[in-house]
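In what follows, a single structure is set out as structure tokens and then discussed.
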Amino acid sequence: MKKAVLRTALETLYFTGAHRLLQPLVGGVGAILTLHHVRPPRADAFQPNRLLEVSPRFLDDVLASLRRANVDIITLDQMHTRLTECDFRRRFVCLTFDDGYRDNLHHALPILRKHGAPFTLYLPTSFPDRAGELWWLTLEAVIAKQSRIALTMDGEDRRYDCDSVEAKYQLYEHIYWWLRSLESEDDLRRAVRELASRYGVDDTAFCKDLCMTWSEIGEVADDPLATIGAHTVNHVMLRKASDDAVRNEMRQSAAVIEAALGERPAHFSYPVGDRTSAGPREFAIAAELGFKTAVTTRPGVLFPEHAAHFTALPRISLNGEYQRSRYAKVLMSGAATALWNRFRRVDAA
């Protein structure tokens with residue numbers, strides 16, 4: 001139902017032309033786009049993480065549309081300069097990819113080169129080190145394989161039937177948001193590890209199968225279009241961590257990237273990045289540690305006022321559930337996110 005409502009809202013804004021009418025008021029000066037996977041569509045009926053992947057064709061269409069509209073595709077450094085110097089003569093977009101998936105090398109990079117589009121790749125360093133836990137994929141794999149799931153939630157043993165695709169989606173949402181509600185990241189990961197062990201899912205395989213090695217990352221980093229940014233060591237929701245743990249995750253990720261690639265990253269992305277995962281404390285620590293910019297996943301376009309909030313920048317997600325060029329146009333117009341944000345320009349609280 002939520003997807004249907006959002007799709008209807010995007011369709012309405014597009015076909016009424018409201019997004020074009022609103023853009024001069026709410027479109028800001030540019031936008032930062034969020035992507036994760038770029039790969040051909042999969043046929044699996046159960047794909048609860050499909051929102052994190054777009055097809056190569058869709059990415060190609062979006063970049064071609066931006067070029068036709070004379071929107072500048074620029075680096076984060078150039079975005080920083082434009083906001084600092086109040087250079088708003090042309091609208092701009094920055095492209096960012098979280099997590100360092102191998103499909104970014106094989107499918108996204110050729111398209112980015114075709115369009116001459118600079119981009120930033122944010123790396124959680126445990127992923128190429130093969131020590132990362134992609135727990136959301138582990139949960140998906142457990143539910144995909146089973147018709148019934150048993151686990152302990154809030155001290156109670158519970159059992160759930162999931163023998164249909166619809167039931168699997170409902171169960172995934174239920175367990176996912178319960179995990180997200182847990183007080184600590186350690187509790188979350190412990191619960192997922194127990195599920196993986198109980199149901200025979202190799203939760204260590206996802207890094208090796210899906211994420212780039214340091215050698216592959218080096219290949220991407222050598223491209224003049226690429227900027228490499230930090231994304232913590234362990235892809236933790238920082239708001240659940242102590243002050244010292246937050247500083248260590250940020251500082252060590254930058255240090256590991258510098259050691260591996262020869263240059264300290266100036267830009268940072270908060271894992272998960274929503275209000276429950278990053279807030280004013282994290283924004284202040286990112287600035288304290290010298291990051292030039294840091295991005296959230298709070299939805300929104302960029303306004304001149306963001307020059308005072310470089311470590312709390314919003315992004316527009318290219319969501320795999322909404323892969324139509326007209327949806328991307330509506331989102332980048334600022335109309336949909338203005339409604340979401342109740343017309344507030346900056347959300348840094």
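The values are calculated or read from the model by the stated rules, or taken from the named source; none is laboratory data. None of the values given here were measured: they were computed from a predicted structure. In this analysis, Cβ positions are derived from the backbone assuming ideal geometry, glycine residues included, and neighbour counts consider all displayed protein chains. Accessible surface is based on the protein model in full, side chains and every heavy atom, while ligands, DNA and RNA are left aside. Shrake-Rupley method; radii C 1.70, N 1.55, O 1.52, S 1.80 Å.
A few comments on the model shown:
- Boolean, Ile149 is open to solvent by less than 30 Å² (accessible area, probe 1.4 Å), farther than 27 Å from Leu33 by Cα and touching a residue at least 24 places away in the same chain (Cβ under 8 Å): yes
- Within segment 78-99, being in contact (Cβ under 8 Å) with a residue 60 or more places away in the chain and either over 26 Å from Pro265 (Cβ atoms) or out of contact with any His (no Cβ under 8 Å at 6 or more places or on another chain) (or both) holds for Met79, His80, Thr84, Cys86, Phe88, Arg91, Phe92, Val93, Cys94, Leu95, Thr96.
- Residue that is nearest to Glu140 (Cα to Cα) [pool: residues in segment 52-66 that are of a type in the set (A, V, I, L, M) and within 16 Å of the chain's Cα centre (by Cα)]: Leu52
- Any hit, segment 265-276, residues being touching a Lys or Arg at 6+ places or on another chain (Cβ under 8 Å), in a loop (DSSP other than H, G, I, E, B) and open to solvent by less than 30 Å² (accessible area, probe 1.4 Å): yes
- Contacts under 7 angstrom Cβ, first residue in segment 117-131 being at positive phi, partner of a type outside the set (Phe, Trp, Tyr), 6 or more apart: Arg130/Cys207; Arg130/Lys208
- Taking the criterion of being part of a loop (DSSP other than H, G, I, E, B) and open to solvent by 40 Å² or more (accessible area, probe 1.4 Å), the only residue of segment 176-198 that qualifies is Glu183.
- Against the test of being buried (at least 17 other Cβ atoms within 10 Å of the Cβ), closer than 15 Å to Tyr327 by Cα and without any contact (Cβ under 8 Å) to a residue 60 or more places away in the chain, the options Leu13, Leu63, Leu33 yield a single qualifying residue, Leu63.
- Of the numbered criteria (1) open to solvent by 60 Å² or more (accessible area, probe 1.4 Å); (2) assigned to a helix (DSSP H, G or I), the one Phe283 fails is (1).
- Residue among Ala328, Ala312, Ala348, Ala307 that is touching a His at 6+ places or on another chain (Cβ under 9 Å), among the hydrophobic types (A, V, I, L, M, F, W, C), in contact (Cβ under 8 Å) with a residue 12 or more places away in the chain and open to solvent by less than 10 Å² (accessible area, probe 1.4 Å): Ala312
- Of residues in segment 204-234 being acidic (Asp, Glu) and under 21 Å from the mean Cα position of the chain (by Cα), the one least open to solvent (accessible area, probe 1.4 Å): Glu216
- Search result, residues across segment 141-171 that are assigned to a strand (DSSP E or B) and of a type outside the set (A, V, I, L, M, F, W, C): Arg148, Thr152, Glu156, Asp157, Arg158, Arg159, Tyr160, Asp161
- Residue selected from segment 235-264 under the condition of a type in the set (Asp, Glu) and closer than 18 Å to Gly218 by Cα, by the criterion surrounded by the most Cβ atoms within 10 Å (Cβ to Cβ): Glu258
- Selection within segment 91-130 - part of a helix (DSSP H, G or I) and open to solvent by 10 Å² or more (accessible area, probe 1.4 Å): Arg102, Asp103, Asn104, Leu105, His106, His107, Pro110, Ile111, Arg113, Lys114, His115
- Qualifying residues in segment 313-349 (those that are farther than 20 Å from Leu95 by Cα and not in a loop (DSSP other than H, G, I, E, B)) - the one modelled with the highest pLDDT: Ala338
- Meets criteria (out of contact with any helix residue (DSSP H, G or I) (no Cβ under 8 Å at 6 or more places or on another chain), β-branched (Val, Ile, Thr) and open to solvent by less than 10 Å² (accessible area, probe 1.4 Å)) for Val38: no
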